[in-house]
1. Scan region 308-337 for residues that are within 22 Å of E45 (Cβ to Cβ) and either modelled with pLDDT under 95 or in contact with a Leu (Cβ under 8 Å, 6 or more places away or on another chain) (or both) and jot them down.
2. When the residues of region 630-639 are filtered to those that are among the hydrophobic types (A, V, I, L, M, F, W, C) and out of contact with any helix residue (DSSP H, G or I) (no Cβ under 6 Å at 6 or more places or on another chain), which remaining residue is surrounded by the fewest Cβ atoms within 10 Å (Cβ to Cβ)?
3. Six or more apart or on different chains, Cβ atoms under 8 Å: show the pairs whose first residue is in region 230-242 and within 25 Å of S497 (Cβ to Cβ) and whose second is of a type in the set (S, T, Y).
4. Can you find a residue in region 410-432 that is farther than 30 Å from G234 by Cβ, acidic (D, E) and in the same structural domain as V336 (by TED's automatic domain parsing)?
5. Which residues, taken from region 545-561, are over 21 Å from P584 (Cα atoms) and surrounded by fewer than 22 Cβ atoms within 10 Å (Cβ to Cβ)?
6. Whether any residue in region 478-489 is surrounded by fewer than 24 Cβ atoms within 10 Å (Cβ to Cβ), more than 15 Å from L622 (Cβ to Cβ) and more than 17 Å from the chain's Cα centre (by Cα) is what I want to check.
7. When you scan region 313-348, how many residues do you find that are under 22 Å from P269 (Cβ atoms), of a type in the set (G, A, S) and either in contact with a strand residue (DSSP E or B) (Cβ under 9 Å, 6 or more places away or on another chain) or surrounded by 17 or more Cβ atoms within 10 Å (Cβ to Cβ) (or both)?
8. Is there a residue in region 444-460 that is within 14 Å of N48 (Cβ to Cβ) and either of a type in the set (D, E) or modelled with pLDDT of 95 or more (or both)?
Amino acid sequence: MKKESLLIAILIITFQFTQAQTIEKVANGIWKITYGTPEHHLPTEFKNPTAFSGLNKMPAIHVAPVDVKTIHFKQMSKGVLAEMKVDTSERFYGFGLQTNTFDQTGMRREIRTNSWTVGNIGFGHAPMPFYISTKGYGVLVNSSRYVTFYVASKGKLDERVRNKKENQKEQKVVLNTVQLYGKAVTPSNEVSIQVEGTKGIEIYVFAGPEMLQVMQRYNLFSGGGGIPPMWGLGFKYRGKATFTDKQIQETGQYFRNHHIPCDMIGLEPGWQTASYSCSFAWNPKNFPNPSSFIDSMNKNGFKLNLWEHAYTHPTSPIFQKIAPYSANYTVWGGAVPDFISAGGRKVFGDYHENNFVKKGIAAFKLDECDAADYTKADREWSFPDIATFPSGLDGEQMRQLYGLLYQKTMLNLYHKNNIRTMFDVRASHLFAAPYTSALYSDMYSHADFVRMIVNSGFSGVNWSPELRETSNDAELVRRLQTITMSAHMVANCWYLSQPPWLQYNIDKNNNNELLPNYKVLEQKAKKLIELRMSLLPYLYSAFAKYHFDGTPPFRALIIDYPTDKNTWKIDDEYMMGESLLCAPFLDSSSERTVYLPAGNWYDYNTNKKYEGGKEYSISMTLDQIPMFVKDNTLLPLAQPVEYVTPSTVFNISCKVYGNPATAVKLFEDNSSNFNFEKGQYNWLSLSWKGNNGNALRTGNFKQQVYKIIDWKKIAQ
């Protein structure tokens, strides 16, 4: 009986183990491991359909890149623990839009959405439980709970080495606190993952074989990268929060009179009758005739963007209807809509669709969806973790998801009306690649802003290192250069009466006291914005590639050059598209070190040739932009236009660097709508052979957006 009982016990344990952990291949190169009973609402519930067409074109991967059977799971009092063995030579990147750190190896990452970066432990606007290894694989935890990663940072006691003689050798006294407390003293061959408050977990593993392919698979699994409208890649100016309709119109006229390109103007909180929380109703004092104002701005070539957040003021026309679909806690006295609830989405969405989308508002800035700053106990403005929502989520889960769900609700309104848009948003989460939004921040470190461009390529999000005030001429220009070389070019002047290139001192700006050399700075700003407009076809095609094959348009050098260990620490250079390496000059600097990977590179300004695989000390004037062109590149540059319309035709000059062996493809469609999803688009293939250029258009889109007017050989 004892043997029989023991056998039954073994069978029960085996059955429980096999029930607890399952492995499933869900797509080409993607595996899902499930342990225990995961929670009902997981991030995959809210993602777009997988872009199988793109995934199936990638090399077939039949075996997982890590031995998923060896992942060890354990139920703990605090939640679920997963432990994965790793190679001590691996380096780890990602964890969403991290602010302070690039190489995450040896770090503890706590994934918590937060309005301010705290102590470099993982908090931020879009932290994500997803990392990528130099070994060519990615790991994603499908949870909206707080997730903590120990990224090869904590060594375990190994019984086999306890009694080794070398451990008994006399150790030197260490006087350096970095050595005593730093990550270098705790090497580990394990990544440990803890998910709080759950009895189950889902982990997705993404294969490569290289880091670029990992990101492609992740972005395609998310639904493919979003393609913004062409105007969404142009220049955006956000006006002062207190501006009236006339002041906004005067601001727009400034750009047109000075022939400075500008596609969008943003209205800050003063457009509403209440803004903390929001009424979503026009302020009749500042905007007495909204329809006439919108029509006037649109006729002058400006798209309008409205600032808001979701917390609904008691005076809002939708307050009574949205209250039943809201959390049990308020924010700034306003109702907090539950965007998982179909009723909440409908009330909020119908109002915005009828009152804004259909009346000509082109976009929104979705603020304050990233929750309160954990370090400010007296500023707990957000809903607490103990909040409950009608959908069944608690405040912790909703805190992580709120920015994503808010975007999804609002972007769907435009998709429903076949209108493409480009949003600003202050929080996001997993699987956001299809969203045509750019994250932004109230923080303002130039170095952090550049690092976030670099980290965005590991995250499936766009980042906006927006320009606000500066302290001197050089910083103004260097920040302008950085926004020129980013996914979303924005000057956010919500507390400035004049553009910052006319006066960067806040008090003097608001007193209309212009700088003595404002004309010079104005011309520098105009030149950079015109450069941005010349890059539109190149950037637009990079986003099309993002959509169809998952390649991030902005990405760290390590993604393109994973075997070059010199790139493993570089957090202030990045690729923009296939051929441009950007190396922003920070703050007021005029010189910096630039590492150029293997191959030849050309200074965009002077065409000077540099041999790759080397580091250079580079000096640049304020009239030179820190971009380097990869050898054998055919770079299409458009004549700048002041704004983009559906009928805009770009006159393009092609610059040829070296001897391009493959064609460059420009994506061509009506960028104001989603008809490309129905196959209405072209690819314009530009090639160079001998001393001649050739353009070949394929597809069924009838309109020609690009006209090639010139070919110029730059260098051999």
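The values are calculated or read from the model by the stated rules, or taken from the named source; none is laboratory data. Note that the structure is a prediction, hence the values are computed from the model and not measured. Here the Cβ is made from the backbone with ideal geometry for all residues, glycine too, and neighbour counts use every protein chain on show.
1. Within region 308-337, just A310 meets the criteria.
2. Restricting attention to region 630-639, the residues satisfying the condition of being among the hydrophobic types (A, V, I, L, M, F, W, C) are 634-635, 637-638.
Filter once more, keeping what is out of contact with any helix residue (DSSP H, G or I) (no Cβ under 6 Å at 6 or more places or on another chain): 634-635.
Values: L634: 20, L635: 25.
Ranking the candidates gives L634 first.
3. G234/Y643; Y237/T251; G239/T251; K240/Y495; K240/S497; A241/Y495
4. So in region 410-432, the residues farther than 30 Å from G234 by Cβ come out as none.
No - not one qualifying residue is present in region 410-432.
5. Going through region 545-561, the residues over 21 Å from P584 (Cα atoms) turn out to be 545-551.
Selection gives K545, F548, D549.
6. no
7. Of the residues in that region, 4 qualify.
8. yes
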